[in-house]
Amino acid sequence: MPEPRIVVEVMYAGVAVLRRTLTLPAGSTAVQAVEASGLLALLPDGAFDRQRLGVFAQRVEAEHVLQDGDRVEIYRPLQLDPMEARRRRARGA
């Protein structure tokens with residue numbers, strides 16, 4: 001009997017959106033999907049951090065077990081503290 005498989009998507013939104021659709025064994029984790037996608041070789045240095053992963057805009061741990069149809073998102077580091085960005089917008093308005 002064949003091993004159960006799931007289909008997931010892995011994406012990174014930087015200057016360009018990078019997206020891969022993969023078929024993995026059932027029980028695969030978010031970090032396993034990222035590694036299997038091949039996107040790590042295309043990302044800028046320091047862009048990947050195991051702590052900045054999500055599934056459908058909800059932050060998840062690297063060891064989160066994926067379900068069929070999940071979209072794993074690799075989040076970019078913040079360029080500016082959100083509170084400082086708000087202060088700058090308030091001063092400019």
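The values are calculated or read from the model by the stated rules, or taken from the named source; none is laboratory data. These numbers were taken from a predicted model, which means no experiment stands behind them. Note that we place each Cβ from the backbone using ideal geometry, even for glycine, and neighbour counts take in every protein chain shown. Side chains are part of the model used for accessible areas, which takes the heavy atoms of the whole protein and leaves out ligands, DNA and RNA. Shrake-Rupley method; radii C 1.70, N 1.55, O 1.52, S 1.80 Å.
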Problem set entry | FRET efficiency estimate (nearest 0.05) - Cβ-Cβ, Ala90 to Leu42, R0 30 angstrom | 0.20
For this session: Per DSSP H run of n ≥ 4, the term is -39500 (n - 2.57); total these for the chain, divide by its residue number, and report the mean residue ellipticity at 222 nm rounded to 500 deg cm²/dmol.
Result: -6000 deg cm²/dmol
Exercise. Nearest 10 degrees, 0 to 90: what angle lies between the long axis of helix 82-92 and the longest principal axis of the chain (Cα atoms)?
Worked result: 40 degrees
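Using the Cα centre as the reference, give the magnitude of the dipole from point charges on the C-beta atoms of the chain (Lys, Arg: +1; Asp, Glu: -1; all else neutral), rounded to the nearest 20 debye.
Working: 13 positive and 12 negative charges, 144 e Å.
With only Lys, Arg, Asp and Glu charged at Cβ, the dipole is about 700 debye.
Could you give the length gained by full extension between Ala57 and Met1, i.e. 0.36 nm per residue of separation minus their alpha carbon distance, to one decimal place?
Numbers: separation 56, 0.36 × 56 = 20.16 nm, distance 3.48 nm.
Length difference between fully extended and current span is 16.7 nm.
Averaged per residue, what accessible area in Å² does the chain show with a 1.4 Å probe, protein chains only? Before the final figure, lay out each step's value.
Details: 6260 Å² over 93 residues.
Result: 67 Å² per residue.
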Problem set entry | Simple label model, 7 Å out from Cα along Cβ direction - Gln79 to Thr21, nm | 3.1 nm
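Ignoring any ligand, DNA or RNA, what whole percent of the accessible area of the chain comes from carbon and sulfur when the probe is 1.4 angstrom? Mind dumping the intermediate values first?
Numbers: 3330 of 6260 Å².
Here it works out to 53 percent.
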For this session: Decide, for the chain, between rounded, prolate and oblate: order the square roots of the alpha carbon gyration tensor eigenvalues as a ≥ b ≥ c, take rounded if a/c falls under 1.5, and otherwise choose prolate if a/b is larger than b/c, else oblate.
Result: prolate
